[in-house]
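We did not get these values from a lab; they are worked out from the coordinates using the rules stated. All values derive from a computational prediction rather than experimental measurement. Neighbour counts run over all protein chains shown; Cβ positions are idealised from the backbone, glycine included.
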């Protein structure tokens with residue numbers, strides 16, 4: 001499978017590429033001209049989310065699955081986190097890349113939580129994520145999965161998480177990356193929004209739908 005990771009130079013993207021490359025042909029998509037990762041099975045593709053859909057589409061030819069893990073870190077929420085994401089969804093549909101996995105934020109689709117203390121300073125960010133999530137889930141025909149973790153931390157991964165999330169919790173970047181990898185391998189995640197934080201359930205078990 002040929003997998004495109006958009007946001008390849010970020011904390012999540014760089015680790016995600018390493019994990020995926022052991023199983024798939026990976027395209028590291030970023031606006032940087034130099035290759036992010038020189039590992040076997042990884043090639044670089046220039047993708048600038050400020051460009052139009054036609055330009056982004058040209059970078060997706062032959063791709064089977066797309067991960068969007070890019071973000072502006074609050075510097076350009078409308079053009080990168082929201083519209084940039086949507087343009088990649090439109091491009092994925094144009095080239096027939098059905099599988100699309102979006103890294104979002106906990107409670108992005110639940111505005112009633114946004115005034116709570118842990119999210120009160122992130123309203124604009126959550127608005128951008130909210131409408132990107134909505135577009136993917138309601139305006140496309142993509143086989144999508146939306147992963148919504150809480151705060152990301154530079155901690156050692158445990159391989160265990162919780163997905164029945166009713167309150168926010170911290171997430172090791174390694175656990176988020178391993179969850180993203182597991183999502184691609186598990187078709188039961190298609191069409192779902194998965195909220196998560198670190199926990200006690202093995203990832204492969206945690207991402208399965210409740211019976």
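Quick look at the values:
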{"item": "Shape metrics for region 2-206, restricted to C-alpha atoms - Rg then Dmax, Å", "result": "15.7, 45"}
{"item": "Ascending count of other beta-carbon atoms within 10 Å, so fewest first, for 18, 116, 211, 93", "result": "211, 116, 18, 93"}
{"item": "Label-point separation, residue 156 to residue 72 (7 Å along Cα→Cβ), nm", "result": "3.8"}
{"item": "Rounded to 5, the percent of DSSP beta bridges in the chain classed as antiparallel", "result": "10"}
{"item": "Max mean-square fluctuation residue, GNM over the chain, Cα-Cα springs under 10 Å, options 11, 73, 99", "result": "73"}
{"item": "Stretch gain in nm, segment residue 23-residue 40, where the contour uses 0.36 nm per residue and the Cα spacing is subtracted", "result": "5.1 nm"}
{"item": "At R0 = 22 Å, FRET efficiency that the Cβ-Cβ distance of residue 110 and residue 210 yields, to 0.05", "result": "0.75"}
{"item": "Expected 222 nm ellipticity per residue - DSSP helices of 4 or more, -39500 (n - 2.57), all of the chain, to 500", "result": "-8500 deg cm²/dmol"}
{"item": "Per residue Cα convex hull volume in Å³ - calculated over region 36-138", "result": "110"}
{"item": "Ordering of 124-135, 51-62, 171-182 by packing [mean C-beta count within 10 Å, highest first]", "result": "171-182, 124-135, 51-62"}
{"item": "Approximate spin-label separation residue 190-residue 52, in nm, with each point projected 7 Å along Cα-to-Cβ", "result": "3.3"}
{"item": "Cα centroid separation - region 146-211 against region 59-100, whole Å", "result": "21"}
